[in-house]
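The values are calculated or read from the model by the stated rules, or taken from the named source; none is laboratory data. None of these values were measured; they are calculated from a predicted model. Note that each Cβ is placed from the backbone with ideal geometry, even for glycine, and that neighbours are counted across all protein chains shown.
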Amino acid sequence: MRCSVTQILVLTAFFLLIWYFIISSRTCTRTRLHLGLPLRNDTSGRGVRNDFAYNNELPLIFIGGFPRSGTTLLRAMLDAHPDIRCGEETRIIPRILGMRSQWKKDPKEWHRLEEAGVDDTVLDPAVSSFILEVIVRHGPLAHRLCDKDPFVLKSVSYLARLFPNSKFVFMIRDGRAAVHSMISRGVTVTGFDLKDYRQCLTKWSATVAQMYRECQLAGGDRCFPLYYEQLVLHPEQSMRELLSFLDIPWNEAVLNHEKFIGKKISLSKTEKSTDQVIKPLYTSSLTLWVGKIPTDVVHDMGRVAPMLAFLGYDPHSNPPDYGKADDLVRLKAKELNNVVFWRNKLIEIFNRSRNSF
């Protein structure tokens, strides 16, 4: 099978890092920022030192879940907190984890690696160092660092072993809404046919089942399931519970992420959720899927996506009753009436230059 240019580049970078960390681990046990590698400027205003030392014992936060399940919204809300920095999706972290998983699943390939002396004792430190470098260096420093890459949740048990003090947030959303959002906004995911609701919902169920198992294996003290519907309907209660789980003090800023967009919170032009998270919390997205899914798929929903019922959703309710929004959310919804304002804000953010490296 021919490798794509991206695969070749990722493999090259990965093995170069393996070599680098094998060599460097012989002379030092901790990585420091004064080794000469560049960092983005610290714009948090909290004066984090440039000799900040870090290793795999950092209390990292990993946010994941099926795409279009609110991971970008949550990372924006956490990014508004003065003690936290998540930043944009790295995209490369789940790719590295996926490659390592493929090697382990292929007996022939794994045997070749072992014969070359590249076993778990070599790969695990290399993978953890690679991930750590990406998380630390792809944005400003903060007291708590976070990675938002949806598919990292497929590797919770492995990441929990690599980073013993890390915690995970598993974003869960009604699969019908997640799949409709993915299809309507053209979010491509390998193996998903965006013209086939039945196939996408079936694969959604299988993917979320895997993530759920991984979260369960990590345990309740390491992995926190957070329902998207509850987050947008009851943001304060949801965020108080989450911050308590993460051992981070409460801060009202997490309820007003839209005020920090383009300032403390940077957004990527390539992420499909960017035009949505610049706005305050709103609930209209909860039921956009109703009436859009083919009738035969709706009729078979319980069999097509068994994880719906398992996660507490009624597969036969169209629309389901997700609950009543808090007063704060209803108040913020009034701000969305000025369509021109939000369109101009999006243009302004995209035209604003990113902070220099």
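Elements of the type helices (runs of 4 or more DSSP H) sitting completely within segment 199-305 and holding at least 2 residues that are at pLDDT 95 or above and exposed (fewer than 14 other Cβ atoms within 10 Å of the Cβ): these cover 235-245, 295-299, 301-304.
Can you give me the number of residues within segment 90-109 that are of a type outside the set (Val, Ile, Thr), within 13 Å of Leu159 (Cβ to Cβ) and under 13 Å from the mean Cα position of the chain (by Cα)? Quick ask: steps written out before the conclusion?
In the first step, residues of segment 90-109 are kept if they are of a type outside the set (Val, Ile, Thr); the result is 91, 94-95, 97-109.
The next check asks that each one be within 13 Å of Leu159 (Cβ to Cβ); those that pass are 94, 97-98, 100-101.
Keeping just the survivors that are under 13 Å from the mean Cα position of the chain (by Cα) gives 94.
Selection size over segment 90-109: 1.
Residue by residue through segment 139-155, note down the ones that are part of a loop (DSSP other than H, G, I, E, B) and either surrounded by fewer than 19 Cβ atoms within 10 Å (Cβ to Cβ) or under 14 Å from the mean Cα position of the chain (by Cα) (or both).
Going through segment 139-155, the residues part of a loop (DSSP other than H, G, I, E, B) turn out to be 139-143, 149.
Matches in segment 139-155: His143, Asp149.
Taking first residues from segment 228-256 that are touching a residue at least 40 places away in the same chain (Cβ under 8 Å) and partners that are among the basic types (Lys, Arg) and surrounded by 20 or more Cβ atoms within 10 Å (Cβ to Cβ), the Cβ contacts under 6 Å between residues at least 6 apart in sequence or on separate chains come to Tyr228/Arg173; Leu246/Lys167. Tallying residues that are closer than 11 Å to Glu214 by Cβ, crowded, with 22+ Cβ neighbours inside 10 Å and in contact with a Lys or Arg (Cβ under 9 Å, 6 or more places away or on another chain) within segment 156-179 yields 2. Here His81 fulfils each of the conditions (1) assigned to a loop (DSSP other than H, G, I, E, B); (2) surrounded by fewer than 19 Cβ atoms within 10 Å (Cβ to Cβ); (3) not acidic (Asp, Glu) apart from (2). For Thr188, the conditions (1) part of a helix (DSSP H, G or I); (2) at pLDDT below 95 all hold with the exception of (1).
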